[in-house]
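The values are calculated or read from the model by the stated rules, or taken from the named source; none is laboratory data. Here the structure is a predicted model, which means the values were calculated and not measured. Glycine also receives a Cβ, built like all others from the backbone with ideal geometry; neighbour counts cover every protein chain displayed.
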Amino acid sequence: MLGEAAARGRGVRLDDVARRARDGVVGPRPAGEIGFAVLRGGGIVGEHSVSFLSEGERLTLSHAAGDRSMFARGAIAAALWVAGRPPGEYDMRDVLGFNAS
């Protein structure tokens, strides 16, 4: 979703500018490319960051989960929220009240 938002803000399609792997690729990214990277291992159960980078500066927003229980709590909250609602497609923005009902 963050990649989609960044692409939309630039007025481009994410599929046209996304780079999801750089195995063996060295050097700077091409201008306008939106890069994705994945890190899994050890005690990392959920770590997400989005960085806005330019020459000489970086702005990073991060979230880190130390255990999976918070994901279970979110799933339970979503199940309770959707109970009794009409069939349809919902997402966590609905559950959290970010989408107008």
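On the basis of being small (Gly, Ala, Ser) and over 26 Å from residue 92 (Cβ atoms), does residue 72 make the cut?
Values: small (Gly, Ala, Ser): yes; over 26 Å from residue 92 (Cβ atoms): no.
Considered against the rule, which asks whether it is small (Gly, Ala, Ser) and over 26 Å from residue 92 (Cβ atoms), residue 72 comes out as no.
Here is a yes/no grid of residues against (1) free of Cβ contacts under 8 Å to residues at least 60 places away in the same chain; (2) over 23 Å from residue 15 (Cα atoms); (3) touching a Gly at 6+ places or on another chain (Cβ under 9 Å); (4) exposed (fewer than 10 other Cβ atoms within 10 Å of the Cβ):
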residue	(1), (2), (3), (4)
30	yes, no, no, yes
43	yes, yes, yes, yes
71	yes, yes, yes, no
79	yes, yes, no, no
86	yes, yes, no, yes
92	yes, yes, yes, no
96	yes, yes, no, no
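Restricting to segment 13-35, name every residue that is of a type in the set (A, V, I, L, M, F, W, C), modelled with pLDDT of 90 or more and under 24 Å from residue 56 (Cβ atoms). Lay out the reasoning, then the answer.
Filtering segment 13-35 for residues of a type in the set (A, V, I, L, M, F, W, C) gives 14, 17-18, 21, 25-26, 31, 34.
Filter once more, so that each one left must be modelled with pLDDT of 90 or more: 14, 17-18, 34.
Listed by number, the residues that qualify are 17, 34.
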